[in-house]
Amino acid sequence: MSLKQKLSAALYDLIMKGPEAAGVTEWRRQLLAKAGGRILEIGPGTGVNLPLYPASAGELVALEPNAAMAERMDQHTYAGSGDLRFVQGYAHDIPFEDESFDTIVATLVLCSVPDPRETLLELKRVLRPSGRLLFLEHVAALEEGLQKWQDRVDPIWNRITGDCHLNRRTADHLCAAGFEIEELERAPMPRAPALVRPTIRGVARVS
Ligand SMILES: C[S@@+](CC[C@H](N)C(=O)[O-])C[C@H]1O[C@@H](n2cnc3c(N)ncnc32)[C@H](O)[C@@H]1O
């Protein structure tokens, strides 16, 4: 476990406290209300989504590479009715068979995966044809001025945070990987620094 991994795990909830209280938790709750059946959550971090799942949610597989994050996850807070199973691993190499999940949840994680296209193809592989990908991500800005700043600062940001990118074009990556975006909302993340403020959230299906 690297020092960066330990630090990001120790600071994550503190950093997100303001945005969560100002609206992000409510975004999560509304998004997760759509989760059903057998669920895979990639990069659950400290488990902030766990208490926000609906009681009807089934078995949840939490796939997280950073053991320091996982150590902070209280598995008892899972609000779904199925079991929670923690698996250490990466979203680009999911240790499950094809078409094995009804819902995949990705919140604030596609900014951190090494290759979004490779990861999204892997998510598509394990998602059932009738399944849904629920996403909430901070992304590249639509406004040119802010986008340029995101591009400029990204190399430094990525080094400081360990893996996060400011300028991911996640909606484009979803479409390129063969997902059809069914619902999409863009909104500024409340009480967040300008460079991470642009977000998208919604639902995608395999097209
Ligand atoms: C910014 S945190 C978000 C945590 C949580 N999903 C949330 O919504 O607050 C990013 C998480 O993604 C995880 N992560 C990074 N690269 C990953 C990968 N390739 N596959 C799966 N998870 C990854 C990190 O370890 C971390 O827990």
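What follows is calculated from the coordinates using simple rules that are stated; it is not laboratory data. The shown structure was predicted, so the numbers you read here are calculated from the model rather than taken from an experiment. Glycine also receives a Cβ, built like all others from the backbone with ideal geometry; neighbour counts cover every protein chain displayed.
Descriptive notes on the structure:
- Length-normalised contact order of the chain in % [C-alpha pairs under 8 Å, at least 6 apart]: 20 percent
- Estimated [θ] at 222 nm from DSSP helical runs (n ≥ 4, -39500 (n - 2.57)) normalised by residues in the chain, nearest 500: -9500 deg cm²/dmol
- Taken over the chain, the convex hull of the Cα atoms encloses 106 Å³ per residue.
- Positive-end residue of M69, G23, L3, charge dipole of the range 3-142 with Cβ unit charges: G23
- Label-point separation in nm, E26 to V87, each point 7 Å along Cα→Cβ: 3.5 nm
- Two-site label geometry, E71 and F96: point separation in nm, points 7 Å out along Cα→Cβ: 2.7 nm
- Protection proxy ranking of 89-95, 180-186, by the mean of other Cβ atoms within 10 Å over each peptide's residues and highest first, is 89-95, 180-186.
- Its Cα centre serving as origin, the range 3-206 has a Cβ charge dipole (Lys and Arg +1, Asp and Glu -1) of approximately 500 debye.
- In this simple spin-label model, placing a label point 7 Å from the Cα along the Cα-to-Cβ direction at both E180 and L121 gives a separation of 2.2 nm.
- Computed packing ranks the peptides 114-120, 150-156, 39-45, 18-24 as 39-45, 114-120, 18-24, 150-156, most packed first, by mean other Cβ atoms within 10 Å.
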